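Asks: I'd like to ask some things about the structure below.
The values are calculated or read from the model by the stated rules, or taken from the named source; none is laboratory data. As the structure is a prediction and not an experimental result, all values here were calculated from the model. Note that each Cβ is placed from the backbone with ideal geometry, even for glycine, and that neighbours are counted across all protein chains shown.
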Amino acid sequence: MRRESLKAIRDMGIEPYPHEAFEVNTFSADIKESFEDDKAGEFENLKLAGRLMSKRGKGKAMFAELQDKKGRIQIYLRRDDICPGEDKSLYNLLIKRHLHLCDFIGIEGFVFRTGMGEITVHVQSFKLLSKTLRTLPVVKKDAEGNIYDAFTDPEQRYRMRYVDLTVNEGVRDVFVARSRTISAMRSFFDKKGWLEVETPILQPIHGGAAARPFKTHHHSLDIPLYLRIANELYLKKLIVGGYDGVYEIGKMFRNEGMDRTHNPEFTSMEIYVAYRDYQWMMEMTEQCLEAVAESVMSTTKVTAGDNEIDFKGPYPRLTMYEAIEKHTGFDISEMGEEDLRKLCDKLHIEVEPSMGRGKLIDEIFDEKVERNLIQPTFITDYPIEMTPLAKKHRSKEGLVERFELFVNGKEIANAYTELNDPIDQRERFEEQLKLAERGDDEAMAMDEDFLRALEFGMPPTAGLGIGIDRLVMLLTGKKSIQEVLFFPQMRPEKRDTEEEKED
RNA sequence: GAUCUCGUAGCUCAGCUGGCAGAGCAUCUGACUUUUAAUCAGAGGGUCCUGGGUUCGAUUCCCAGCGAGAUCACCA
């Protein structure tokens, strides 16, 4: 086994986990991109380090593949180069026998092209940098790109993401895209002069969204605290405080079901800009997403499933009523709760008695419209009942100034002209309390400190939230949120524990 | 939370109607100094997810549990 190899290596006087730095001076992909046969002389004394990903022994020589952060490159080791003297044990024992797949090695050598035409590093000196003790799955690929023995079990991949990242091609790229998405967005906002802030994750009142929270307890205060389901109210308090643009990119926590689009913790971006409204925010959203797609994928066009999606603005805008009329043929703008209930019946949509007018409209939209919105589309002007934190529509009775952006049949962003009238806000919270009494367990709780802040005055403000995980899913063409989270939530692994309970 | 499907070697998977547990890769031994899914010769490797039941006999059939995936419900 590998532990025996470890001992054998130490017995040879070689430290399998050396301390010294190994300074690389190039990467695999750089060599492959820039190598030209008539300039081979420029590709000498190159130092690379990484994991050994394949081994093809040829007796007194060997081909192998080294994987570094940029990809893989073939390396060629010859016994008489590695061991110029009489003692051939370094090659015979260390390399041939005790070097295993996924061990970390450092090499120095020059580049050449083999008879088969592959750009290869001819190794002149070799160092073991770190020994692995576990056998890793070996993924092989043939000339046509067919993959064999891939490490595919999703459970294993998510539980041992380090293995997934190492052996499965392309997995690391997804997370590079994720990181770039966030930094592109951050730099877009920073250039506008808006301030990145951090607000509490532990909150005494979980406000700003409709969802079940995680509950915890603070010992010395002896109070319950909730992991935030949203940060909206805190960010608006900062607008009250005088910043004219604040945003936060961070984790939210919702104690709800898990599936391929939901993880208990997820990353959201929320931004609030003073003296703006939702019309302006739609333009800003277009520019932002265009810039992000351009920066992450080098194009505004991405492929998601069977659809090609273009993030280039401007995006079509439809009101909620228009969208429903377009996809069902019914004009619901004048319908009351009873008529809507009948319509839902006719459309075979299940509803519950606790649902009010807004919730019914939401149901129709979810059932009949949402999945059809493939290209980025703004849906605007929502019923007031569903959105207690948005400002009433400037001209349309019963509506609020809100938009959601749908892409590939999924909501990706949500925004309002923020409600800054403290009296109206208090009434809206009271409406929510009534909904709660009716049995709507998602209704929002009253937040007195937030109301107090509004009473001190908040400028007209536009706010926007974007689900970062889902945006990354779109940009990378992944169908599940687990594919864009390093460590998606899983049930704890069952370990072999001794039974010690005796009653 | 509901329904369906799956769980066999380190990885990918066969295993028929119930009859001694299988393959490829990986690992180990040997050969091979430009191979590339390297090749050739040999070897080792299993709590068939767990616990019950039916049976002469269960990886296979039945029940329960655990874990995962898909679909749905809810949400972002």
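Asks: So A:Y234 clears everything in (1) surrounded by fewer than 13 Cβ atoms within 10 Å (Cβ to Cβ); (2) modelled with pLDDT of 95 or more; (3) over 22 Å from the mean Cα position of the chain (by Cα) except one condition, right? Which one?
Replies: Condition not satisfied by A:Y234: (1).
Asks: Name the residues in region A:299-318 that are within 19 Å of the chain's Cα centre (by Cα), in a loop (DSSP other than H, G, I, E, B) and of a type in the set (G, A, S), would you?
Replies: A:G305
Asks: Shifting gears a bit: Quick one: in region A:244-273, of everything that is surrounded by fewer than 21 Cβ atoms within 10 Å (Cβ to Cβ) and aliphatic (A, V, I, L, M), which residue is modelled with the highest pLDDT?
Replies: Only one residue fits best here, namely A:I249.
Asks: Which ones in region A:181-227 are touching a strand residue (DSSP E or B) at 6+ places or on another chain (Cβ under 9 Å) and among the β-branched types (V, I, T)?
Replies: Across region A:181-227, the qualifying residues are A:I182, A:V197, A:T199, A:I201, A:I205, A:T216, A:I223.
Asks: Further question on the same structure: Out of A:F104, A:F63, report the one residue that is modelled with pLDDT of 90 or more, more than 8 Å from RNA strand B (Cβ to nearest atom), among the aromatic types (F, W, Y) and buried (at least 17 other Cβ atoms within 10 Å of the Cβ). Steps first, answer last, please.
Replies: Values: A:F63 fails: more than 8 Å from RNA strand B (Cβ to nearest atom).
Every option except A:F104 fails the conditions.
Asks: Could I ask something else about it? When you go through (1) out of contact with any His (no Cβ under 8 Å at 6 or more places or on another chain); (2) part of a loop (DSSP other than H, G, I, E, B); (3) surrounded by 12 or more Cβ atoms within 10 Å (Cβ to Cβ) one by one for A:T132, which number turns out not to apply?
Replies: A:T132 satisfies every listed condition except (1).
Asks: Could you check A:C83 against (1) near RNA strand B (Cβ under 8 Å from one of its atoms); (2) closer than 16 Å to A:I14 by Cα and say which number it fails?
Replies: Going through (1) near RNA strand B (Cβ under 8 Å from one of its atoms); (2) closer than 16 Å to A:I14 by Cα one by one, A:C83 breaks only (1).
Asks: Next question, about the same structure. Residues of region A:13-70 being of a type outside the set (A, V, I, L, M) and in contact with a Ser or Thr (Cβ under 6 Å, 6 or more places away or on another chain), which ones? Quick ask: steps written out before the conclusion?
Replies: Here is the first cut: in region A:13-70, the residues of a type outside the set (A, V, I, L, M) are A:13, A:15-20, A:22-23, A:25-28, A:30, A:32-39, A:41-45, A:47, A:50-51, A:54-60, A:63, A:65, A:67-70.
A:Y17, A:E65, A:D68, A:K70 - these are the residues of region A:13-70 that are of a type outside the set (A, V, I, L, M) and in contact with a Ser or Thr (Cβ under 6 Å, 6 or more places away or on another chain).
Asks: Within region A:87-112, which residues are aromatic (F, W, Y) and either farther than 20 Å from A:L136 by Cβ or out of contact with any Leu (no Cβ under 8 Å at 6 or more places or on another chain) (or both)?
Replies: Step one: of region A:87-112, the residues aromatic (F, W, Y) are A:91, A:104, A:110, A:112.
Matches in region A:87-112: A:Y91, A:F110, A:F112.
Asks: Another question, if that's okay. Six or more apart or on different chains, Cβ atoms under 8 Å: show the pairs whose first residue is in region A:142-159 and without any contact (Cβ under 8 Å) to a residue 40 or more places away in the chain and whose second is among the basic types (K, R) and more than 7 Å from RNA strand B (Cβ to nearest atom).
Replies: So the pair list comes out as A:F151/A:R157.
Asks: Could you give me the residue pairs with C-beta distances under 7 Å whose first residue belongs to region A:349-371 and is at positive phi, whose second residue is in a helix (DSSP H, G or I) and at pLDDT 85 or above wherever it lies, and which are 6+ apart or on separate chains?
Replies: Correct list of pairs: empty, since none qualify.
Asks: While we're on this one: Considering only residues that are farther than 30 Å from A:E308 by Cα and not acidic (D, E), which ones fall in region A:409-432? Full working, then the answer.
Replies: Pass one, region A:409-432, residues farther than 30 Å from A:E308 by Cα: A:417-432.
A:T417, A:L419, A:N420, A:P422, A:I423, A:Q425, A:R426, A:R428, A:F429, A:Q432, listed by residue number.
Asks: Residue check: is A:E322 within 33 Å of the chain's Cα centre (by Cα) and within 30 Å of A:D449 (Cβ to Cβ)? Break it down into steps so the answer makes sense when it comes.
Replies: Values: within 33 Å of the chain's Cα centre (by Cα): yes; within 30 Å of A:D449 (Cβ to Cβ): no.
Spelling it out, it is not the case that A:E322 is within 33 Å of the chain's Cα centre (by Cα) and within 30 Å of A:D449 (Cβ to Cβ).
Asks: Among the candidates A:V139, A:V111, A:V121, A:V174, single out the residue that is buried (at least 17 other Cβ atoms within 10 Å of the Cβ), under 22 Å from the mean Cα position of the chain (by Cα) and of a type in the set (A, V, I, L, M, F, W, C).
Replies: Values: A:V139 fails: under 22 Å from the mean Cα position of the chain (by Cα); A:V111 fails: under 22 Å from the mean Cα position of the chain (by Cα); A:V121 fails: under 22 Å from the mean Cα position of the chain (by Cα).
On inspection, the qualifying residue turns out to be A:V174.
Asks: When both residues are 6+ apart or on different chains and their Cβ atoms are under 7 Å apart, which pairs have a first residue that lies in region A:409-436 and is without any contact (Cβ under 8 Å) to a residue 60 or more places away in the chain and more than 16 Å from A:L464 (Cα to Cα), and a second that is among the charged types (D, E, K, R) and within 16 Å of RNA strand B (Cβ to nearest atom)?
Replies: If the second residue must be among the charged types (D, E, K, R) and within 16 Å of RNA strand B (Cβ to nearest atom), the pairs left are A:G409/A:E370; A:G409/A:R371.
Asks: Check region A:241-250 and report whether any residue there is in a helix (DSSP H, G or I), more than 16 Å from RNA strand B (Cβ to nearest atom) and either touching a helix residue (DSSP H, G or I) at 6+ places or on another chain (Cβ under 8 Å) or within 29 Å of A:R180 (Cα to Cα) (or both). Reasoning before the result, please.
Replies: Start the filter on region A:241-250 by keeping residues that are in a helix (DSSP H, G or I), which leaves none.
The answer is no, given that none of the residues of region A:241-250 is in a helix (DSSP H, G or I), more than 16 Å from RNA strand B (Cβ to nearest atom) and either touching a helix residue (DSSP H, G or I) at 6+ places or on another chain (Cβ under 8 Å) or within 29 Å of A:R180 (Cα to Cα) (or both).
Asks: For region A:389-421, give me each residue that is surrounded by 22 or more Cβ atoms within 10 Å (Cβ to Cβ), part of a loop (DSSP other than H, G, I, E, B) and within 13 Å of RNA strand B (Cβ to nearest atom).
Replies: Matches in region A:389-421: A:L389 only.
Asks: Additional query: If I ask for residues that are surrounded by 15 or more Cβ atoms within 10 Å (Cβ to Cβ), at pLDDT below 85 and in a loop (DSSP other than H, G, I, E, B), which ones from region A:84-101 would you list?
Replies: Hit for region A:84-101 is A:K88, nothing else.
Asks: Hey, another quick one. Quick test of your reading of the structure: A:F456 fulfils all but one of (1) at pLDDT 95 or above; (2) farther than 22 Å from A:I249 by Cα; (3) within 14 Å of RNA strand B (Cβ to nearest atom). Name the failing condition by number.
Replies: So the condition that A:F456 fails would be (3).
Asks: Please determine, by comparing only the residues of region A:163-216 that are outside any helix (DSSP H, G or I) and of a type in the set (F, W, Y), which one is farthest from RNA strand B (Cβ to nearest atom). Let's see the steps before the verdict.
Replies: Just the residues of region A:163-216 that are outside any helix (DSSP H, G or I), to begin with: A:168-170, A:192-216.
Add one more test, that the residue is of a type in the set (F, W, Y), and what stays is A:194, A:214.
On the way: A:W194: 21, A:F214: 11 Å.
The selected residue is A:W194.
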